[in-house]
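Chemist: If you scroll down you'll find the structure; I have some questions about it.
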Amino acid sequence: MKKNLLSAIKDANNYLNFEKDGTPFAGESMNFSGGMNATGTPDISLPYVITADNTTAGTLTDVVILNPVLGLGTTNNGCNAGVTMTYDVTGWTFLAFNYMLLNLNVYIQELYIECSTQAQLTKNITVEFQDPNGDKRTTTIVPRIKEANNQTTIVTAKCGFWLNGTTKITLASLQTTNAVTISMYPAIVGNPIGTIKGTGGATVLADPNISMTSVKMVQ
């Protein structure tokens, strides 16, 4: 996980140019825009939360639940027919979230996944994306239930991918009349405008404070 995060910081550094010398933290405790709260500590990571609901009478396979660049302007925003997608922030539609992603570049470090059945919970998730340098990458997330958490419908999964307009997320399958909610916690939030203004190119966030019973969303 640490190796992935350091690689992401390097990618963001190359693209966003945190520091002219190429070392974003050299000689400074924090040198990024908006990364500190009033107490002098990094802001807590809050998730982007989406829900995929299978409204069909059968199990679907290779279920695309996010595909902004290729999906905008197409039926169901590029997601599978029979799947209802929502972005779980009051006043926002899933379509608006897709448009937001065109101007967003955040590095996701952890997922919090909820659904009504244990069998659905452990289905693989494939993420295709481009990093800030334009390199295409693919990662497969394999959720595993931790018995110590005493949960059968909630799981957390460490990961490492960039959430932006190029990100495509596919579930291996989605059972009939089943909904899956995925909360995506960022570690880095890119800010190209800050680089242009000279106020810092990115915000590095503190580790998320995840409860196994509830999720606080990005507002």
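Chemist: MET30 - would you say it is surrounded by 12 or more Cβ atoms within 10 Å (Cβ to Cβ) and at pLDDT below 50?
Modeler: Considered against the rule, which asks whether it is surrounded by 12 or more Cβ atoms within 10 Å (Cβ to Cβ) and at pLDDT below 50, MET30 comes out as yes.
Chemist: Could you list, in sequence order, the residues of region 38-78 that are without any contact (Cβ under 8 Å) to a residue 60 or more places away in the chain and closer than 21 Å to SER116 by Cα?
Modeler: None; the set is empty.
Chemist: A further question on this structure: I'd like the full set of residues that are surrounded by 18 or more Cβ atoms within 10 Å (Cβ to Cβ) and part of a loop (DSSP other than H, G, I, E, B), limited to region 47-63.
Modeler: Passing the criteria: only PRO47.
The values are calculated or read from the model by the stated rules, or taken from the named source; none is laboratory data. Nothing here was measured: the structure is a model prediction, and the numbers come from that model. We place every Cβ from the backbone using ideal geometry, glycine too, and count neighbours over all the protein chains shown.
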